[in-house]
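Just below is one structure, and these are the notes that go with it.
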Amino acid sequence: MAEQDQQFKQFGKGMEEKKMDNSRAGEPSPGEEPGAAEKAGPVSEEGAVGWEQERRELVEQLQRERANFDNFRRISRQQQINDREYALFDFFKKLLPVIDDLERALQSAYQDKNPPSHLQGLKMIYKQLLELLYQEGVTKIEAEGSLFDPNFHHAVAQVESKRGAGGGEGGAGGPGTEVSGPEGESREKTGEGVAGVVAEEISKGYTFKDRILRPSMVKVYK
């Protein structure tokens, strides 16, 4: 049995050597179809056209995939910006009562005649906080003396007007003072006592970019 295994191994080894010799000589190996090498010769004109068409399709597919990736990246970047602004909007809205308390503390410090160092410290904190909010896009809504705008003002009371909306100098129909609105628009600041004009600001309003954080709580002349 061992002798037969040895003979089989020697036979297989001999076949491999013969195959290698035939390959070097350009002859077909046992089991290989004669003329196979010739069949893999130069590509025909039809084959070249087919390869060119396939190449174009692959290039177009690659370009489409690249455009889809660029769109995905742009949408993802915009989504990140929107998520950040949404988070900031919610944070700033929760911060407004803190600003109100700080303003009341400043007013109380003025009235109680606290030490100058205490008052100066409160003023510095208040100023830095407002500057930080302004840098992030938070602005104060103009209220007192401006025409009532339901988009930015919330009327909680009405007071008697000294003159009509169209009468008197500085009224809604006469010359007034232009003031900058919260979104950069110009709103007319009219004279005192004109109907439809904000008489008093009870609570300050703020905007964050193009969104209302909180409307101004106001009294309006009627």
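The values are calculated or read from the model by the stated rules, or taken from the named source; none is laboratory data. Nothing here was measured: the structure is a model prediction, and the numbers come from that model. Neighbour counts run over all protein chains shown; Cβ positions are idealised from the backbone, glycine included.
Could you tell me which numbered condition THR177 fails, if it satisfies all but one of (1) loosely packed, with under 14 Cβ neighbours inside 10 Å; (2) modelled with pLDDT under 90; (3) assigned by TED's automatic domain parsing to the domain that holds LYS94?
For THR177, the failing item is (3).
Hey, can you tell me all the residues within the stretch 116-143 that are touching a residue at least 40 places away in the same chain (Cβ under 8 Å), farther than 14 Å from PHE208 by Cβ and of a type in the set (D, E, K, R)?
GLU142
Looking at (1) farther than 17 Å from LEU129 by Cβ; (2) free of Cβ contacts under 8 Å to residues at least 24 places away in the same chain; (3) among the acidic types (Asp, Glu), which one does ASP101 not meet, given that it meets all the others?
(1)
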